[in-house]
Amino acid sequence: MWLRRAFYHWLMPAALILPLWLVIGWGVFQAGGWAFLWLLFIAIPSVFLGQLVLTLLVRARGTVRAARAVSWWDLCGFTVWHGLIVAVGFYNPNWFWPALGLAVAAGLSMFWVSLYQLWREARPTSFVRVETTTAGISYVRPPDPQAPGDRREPSVIVVNEQAPTADR
């Protein structure tokens with residue numbers, strides 16, 4: 001749990017640290033002028049915005065907010081994606097393009113996994129049956145008060161009054 005919680009707190013700073021690593025890696029490993037243009041106009045904005053969108057999708061889930069911890073799917077996916085971004089930042093010509101392609105694929109996969117998890121948590125858990133009359137009017141049938149297992153007390157108490165008689 002501590003690892004998932006630590007990753008929850010890492011997501012927001014990662015939106016700044018990962019693009020910063022790409023700039024530092026460009027300078028340290030002397031990637032060249034074309035790499036700088038690619039870095040400036042494509043890599044930094046896409047990593048920054050992608051991380052922010054994914055962080056917001058993850059933090060939009062109620063279970064993540066309540067536990068302040070990401071799911072195991074999030075932990076695994078973000079670890080792979082962030083590792084590939086760090087690998088791209090080394091600018092090694094032997095494996096730069098495969099690492100870049102895998103990083104893009106991992107980012108898109110994380111987007112769809114995050115959407116799936118958000119959709120799964122947001123859908124209603126109880127089944128509601130909508131019925132239609134012969135006139136075409138739709139309505140939701142109220143629960144049957146005589147249903148087995150329904151132990152609610154009636155909410156209406158009927159008291160019958162009797163008129164006073166002359167005998168009393």
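The values are calculated or read from the model by the stated rules, or taken from the named source; none is laboratory data. Not measured: the values here are computed from a predicted model. Positions of Cβ are backbone-derived with ideal geometry, glycine not excepted, and every protein chain shown enters the neighbour counts.
Filtering the range 1-50 to residues that are farther than 26 Å from Cys76 by Cα and not hydrophobic (A, V, I, L, M, F, W, C) leaves Gly27, Gln30, Gly32, Gly33.
Every residue, every condition in (1) of a type outside the set (S, T, N, Q); (2) within 19 Å of Met1 (Cα to Cα); (3) surrounded by fewer than 17 Cβ atoms within 10 Å (Cβ to Cβ), yes or no:
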site: Arg65; (1), (2), (3): yes, yes, yes
site: Val70; (1), (2), (3): yes, yes, no
site: Asp74; (1), (2), (3): yes, yes, no
site: Phe78; (1), (2), (3): yes, yes, no
site: Val88; (1), (2), (3): yes, no, no
site: Tyr91; (1), (2), (3): yes, no, no
site: Trp95; (1), (2), (3): yes, no, yes
site: Pro98; (1), (2), (3): yes, no, yes
site: Ala103; (1), (2), (3): yes, no, no
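Name the residue that is surrounded by the most Cβ atoms within 10 Å (Cβ to Cβ), counting only residues in the range 114-142 that are modelled with pLDDT of 75 or more and touching an Asp or Glu at 6+ places or on another chain (Cβ under 8 Å). For the range 114-142, the residue satisfying everything is Ser114. Which members of the range 33-63 meet the condition of being β-branched (Val, Ile, Thr) and surrounded by 12 or more Cβ atoms within 10 Å (Cβ to Cβ)? Those that are β-branched (Val, Ile, Thr) and surrounded by 12 or more Cβ atoms within 10 Å (Cβ to Cβ): Ile44, Val47, Val53, Thr55, Val58. All told, Ala14 falls short of being at negative phi, buried (at least 19 other Cβ atoms within 10 Å of the Cβ), in contact with a Pro (Cβ under 8 Å, 6 or more places away or on another chain) and part of a helix (DSSP H, G or I). Which one is nearest to the chain's Cα centre (by Cα), of the residues in the range 21-32 that are of a type in the set (A, V, I, L, M), surrounded by 14 or more Cβ atoms within 10 Å (Cβ to Cβ) and part of a helix (DSSP H, G or I)? Looking at residues that are of a type in the set (A, V, I, L, M), surrounded by 14 or more Cβ atoms within 10 Å (Cβ to Cβ) and part of a helix (DSSP H, G or I), I get Leu22. Consider Leu102 carefully, then state whether it is at pLDDT 95 or above, under 19 Å from Trp10 (Cα atoms) and touching a Leu at 6+ places or on another chain (Cβ under 9 Å). Criteria not met by Leu102.
Could you grab me the full set of residues in the range 35-91 that are aromatic (Phe, Trp, Tyr) and either in a helix (DSSP H, G or I) or in contact with a Pro (Cβ under 6 Å, 6 or more places away or on another chain) (or both)? Steps first, answer last, please.
Step one: filter the range 35-91 for residues aromatic (Phe, Trp, Tyr), giving 36, 38, 41, 48, 72-73, 78, 81, 90-91.
Listed by number, the residues that qualify are Phe36, Trp38, Phe41, Phe48, Trp72, Trp73, Phe78, Trp81.
In the set (1) surrounded by fewer than 10 Cβ atoms within 10 Å (Cβ to Cβ); (2) at pLDDT 70 or above; (3) within 18 Å of the chain's Cα centre (by Cα), Gln162 fails one condition alone, (3).
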